[in-house]
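One structure below.
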Amino acid sequence: MEVIIENIAAYLIVIAFIALLFYYYIHQHKKKTQSTKKKIAKAKELGFHEPVSLHPVVNHDICIGSGACVAACPEKDILGLVNGKSTTINASRCVGHGACFHACPVQAISLCIGTEKRGVELPHISEEFETTIPGIFIAGELGGMGLIKNAVEQGKQAMNYLAPKLKSKSNTNYDVVIVGAGPAGISASLEATKQKLKFVTLEQDTLGGTVSNFPRAKIVMTSPMELPLHGKVKLTETSKSELLELWNEVLSKNNIIINELEKVEKIEKQGDLIIVQTTKNHYTTKSVLLAIGRRGSPRKLDVPGEQKEKVYYRLLEPELIHNQKVLVVGGGDSAIENALLLADENNKVTLSYRNESFSRLKPKNLERINNYSKNGKVKVILNSEVIEIFDNSVMLKVSNENNPLVLENDLVYIFAGGILPTKFLEEIGIRITKKFGEAVLKHS
Ligand SMILES: Cc1cc2nc3c(=O)[nH]c(=O)nc-3n(C[C@H](O)[C@H](O)[C@H](O)COP(=O)(O)OP(=O)(O)OC[C@H]3O[C@@H](n4cnc5c(N)ncnc54)[C@H](O)[C@@H]3O)c2cc1C
């Protein structure tokens, strides 16, 4: 009898334990679902939910809700779990690491570009990186595939394909003009040196491309890559400064000079020749490699005085700017983040934004700018537009005010978004098509 009671007790304990485990599982499941749903609602409110370019697409018929993709993503909150299935949250923030794709144990994820509703324009490129205009090649993110490692690999490969094609007998100054000095352009420049080509690399801004615009503290995730004339770079987690240092070192070791602050404005084909027109010069070449990424060029205000040296389109070292009267123009995250950084360095900051309120801001930025404005650390002037920039002042038009507002000023930072490279490519004559959700990374 005693044994039976003992057995029943043991069974009951086991059943209770299983029930507890089950309850715990259901509770966690619900908690995750609620948390993800909240994040999705916020992402929708802020306009980050809809993908803009590369993003993961989860096949819910296959997904088992392991959460491996959520844990693997280095950017955080791109994916979350709802009712045991992986779902996108801030899809527009995906940078295409593909970590989710590789982490999924049941191959339920593919990486797609564009959506059914929102197409993404991509240039036509052959397997050898040549566009529909013979002699003009594309490498890196402009071709659709992001990430530093891919850009480095493509820059090198494109140069390898292009070099044997330089058969034209035309007398040109260059074999190839490389446009853009991000990871793709840097790697292409190194490979061009290795191949002993006559080349020049033109960069509208400074060396590093998108990487040079990363926040100082950002952890850059990458995979080991092969850099021409250097060898294997065994970095997985690194920083912006470490990467820039490495590129600078390799370039200078090989005596490669990048023509910074020289923007390519026009590319024209004249028979076998290609003419590259920049803001400073023009070049005749047998071929061109476009490594210009997808972020385009900063949008200008087109106001008198904008060409002055005190006007900038990005802020690299806020810690070096103190006690200045600064105007920051724009209402997006970049404008706000930079205005806050400048205010923290004891500058007198005015933020001019043309709309009546901020929208699509990261919640933390919205909260901080409201606090800084309340505390007088940043003077926010909504509904305002810059009319003219003078040496020691700026003139703004504020709606509902009859007279323009003149502010004393030392520096102007403009963050008015970018002009995408599509128009530039169309003007060259390169064929472009829209991709509506095509998979760029999928399991066969
Ligand atoms: C917020 C964010 C975080 C990211 N994090 C990571 C990460 O952790 N790991 C990772 O691997 N990738 C990351 N990426 C993606 C990565 O930065 C890009 O995929 C990569 O930089 C693409 O390299 P690229 O050389 O093709 O283009 P870009 O780096 O964009 O370089 C293009 C260059 O061309 C120049 N250019 C453009 N037009 C002209 C013109 N007309 N004339 C002259 N020059 C011109 C630009 O100024 C720029 O310097 C991130 C991207 C973003 C936005």
Take the residues in segment 209-263 that are more than 9 Å from the ligand (Cβ to nearest atom) and of a type in the set (Lys, Arg), then tell me which one is modelled with the highest pLDDT. Lys253
If I go through segment 383-393 residue by residue, how many of them are open to solvent by less than 50 Å² (accessible area, probe 1.4 Å) and under 13 Å from Val303 (Cβ atoms)? 3
Considering only segment 112-131, how many residues are in contact with a helix residue (DSSP H, G or I) (Cβ under 9 Å, 6 or more places away or on another chain), away from the ligand (no atom under 16 Å from the Cβ) and in a strand (DSSP E or B)? 1
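Look at Val380 and say whether it is buried (at least 18 other Cβ atoms within 10 Å of the Cβ) and in contact with a strand residue (DSSP E or B) (Cβ under 7 Å, 6 or more places away or on another chain).
Judged against the criteria, Val380 is a match.
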Given (1) in contact with a Ser or Thr (Cβ under 9 Å, 6 or more places away or on another chain); (2) surrounded by fewer than 24 Cβ atoms within 10 Å (Cβ to Cβ); (3) of a type in the set (Gly, Ala, Ser), number of the condition Gly208 does not satisfy: (1)
Evaluate segment 156-175: report whether one residue or more is within 16 Å of the ligand (Cβ to nearest atom), small (Gly, Ala, Ser) and surrounded by 16 or more Cβ atoms within 10 Å (Cβ to Cβ). yes
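Scanning for something touching a residue at least 24 places away in the same chain (Cβ under 8 Å), among the β-branched types (Val, Ile, Thr) and over 30 Å from Leu122 (Cα atoms), does segment 45-55 turn up at least one residue?
Here is the first cut: in segment 45-55, the ones touching a residue at least 24 places away in the same chain (Cβ under 8 Å) are 46-55.
Right, trim to among the β-branched types (Val, Ile, Thr) and you get 52.
When the remaining residues are screened for being over 30 Å from Leu122 (Cα atoms), the result is none.
Looking through segment 45-55, none of the residues is touching a residue at least 24 places away in the same chain (Cβ under 8 Å), among the β-branched types (Val, Ile, Thr) and over 30 Å from Leu122 (Cα atoms).
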Tell me which residues, restricted to segment 217-234, are open to solvent by 80 Å² or more (accessible area, probe 1.4 Å) and either β-branched (Val, Ile, Thr) or within 25 Å of Lys263 (Cβ to Cβ) (or both). Ile219
Qualifying residues in segment 394-438 (those that are of a type in the set (Ser, Thr, Tyr) and open to solvent by less than 40 Å² (accessible area, probe 1.4 Å)) - the one modelled with the lowest pLDDT: Thr422
Any residue that is crowded, with 23+ Cβ neighbours inside 10 Å and either in contact with a strand residue (DSSP E or B) (Cβ under 7 Å, 6 or more places away or on another chain) or within 19 Å of Gly418 (Cβ to Cβ) (or both) - is there at least one of those in segment 356-367? no
Looking only at segment 132-155, count how many residues are more than 7 Å from the ligand (Cβ to nearest atom) and of a type in the set (D, E, K, R). 1
For residues that are charged (D, E, K, R) and in a helix (DSSP H, G or I), scanning just segment 43-75, find the one that is modelled with the highest pLDDT. Lys44
Every listed condition ((1) in a loop (DSSP other than H, G, I, E, B); (2) away from the ligand (no atom under 14 Å from the Cβ); (3) open to solvent by 40 Å² or more (accessible area, probe 1.4 Å); (4) touching an Asp or Glu at 6+ places or on another chain (Cβ under 9 Å)) holds for Val95 save (2)
Please count how many residues of segment 280-304 are within 14 Å of Gly180 (Cα to Cα) and open to solvent by 80 Å² or more (accessible area, probe 1.4 Å). 1
What is the one condition in (1) in contact with a Phe, Trp or Tyr (Cβ under 6 Å, 6 or more places away or on another chain); (2) at pLDDT below 95; (3) crowded, with 24+ Cβ neighbours inside 10 Å that Ala192 does not satisfy? (2)
Taking first residues from segment 126-147 that are farther than 14 Å from Ala158 by Cα and second residues anywhere that are assigned to a helix (DSSP H, G or I), the pairs with Cβ under 7 Å that are 6 or more apart or on different chains are Ile133/Ile428
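Name the residues in segment 269-279 that are touching a residue at least 12 places away in the same chain (Cβ under 8 Å) and open to solvent by 60 Å² or more (accessible area, probe 1.4 Å), would you?
Scanning segment 269-279 gives Lys269, Gly271, Asp272, Gln277, Thr279.
The values are calculated or read from the model by the stated rules, or taken from the named source; none is laboratory data. For clarity, every value in this text was computed on a predicted model and none was experimentally measured. Using ideal geometry, Cβ is built from the backbone for each residue, glycine included, and neighbour counts are taken over all protein chains shown. These accessible areas exclude ligands, DNA and RNA; they are computed on the full protein's heavy atoms, side chains included. Shrake-Rupley method; radii C 1.70, N 1.55, O 1.52, S 1.80 Å.
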